[in-house]
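The values are calculated or read from the model by the stated rules, or taken from the named source; none is laboratory data. Note that the coordinates shown come from a computational prediction; the quantities given were computed from them, not determined experimentally. Heads up, the Cβs are rebuilt from the backbone with ideal geometry, glycines too, and the neighbour counts pull from every protein chain shown. Please note that ligands, DNA and RNA were not included when accessible areas were found on the heavy atoms of the full protein model with its side chains. Shrake-Rupley method; radii C 1.70, N 1.55, O 1.52, S 1.80 Å.
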Amino acid sequence: MSTLTEIQAAELLPPEQKEELFRFLATHLSCAEEPARQATLVQGPHNTLLLKAPPEAPPMTTETVKRLLEEFP
């Protein structure tokens, strides 16, 4: 979407496509405003790969994971 006409046409999309478009834009706009703070894969014990969160990420407690899963689409 690069023109006002295209953005206005998005109002006619079905609700599911609007939601998908919103998530896409939110993800890409937040990435453009902030430096990349993404999780990375690191080598763990016994040749396993671990996902390492950025320093400012919230701790992954049981409560945090449950809340994230409840909010997951």
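Some notes on this structure:
- Net charge of neighbours whose Cβ lies under 15 Å from the Cβ of L21, counting Lys and Arg as +1 and Asp and Glu as -1: -3
- The structure-derived value of Kirkwood radius over Cα pairs in Å appears in the list [x] 15.7; [y] 13.6; [z] 14.4 under the label [x].
- Spin-label model distance (nm) - Q17 vs Q43, 7 Å beyond Cα toward Cβ: 4.8
- Accessible area expressed per residue, the chain, with surrounding protein chains retained (probe 1.4 Å, Å²): 93
- Accessible area of the chain belonging to carbon and sulfur atoms, whole % at 1.4 Å probe: 62
- Between A26 and Q8, the modelled labels are 2.6 nm apart [label points 7 Å from Cα along Cα→Cβ].
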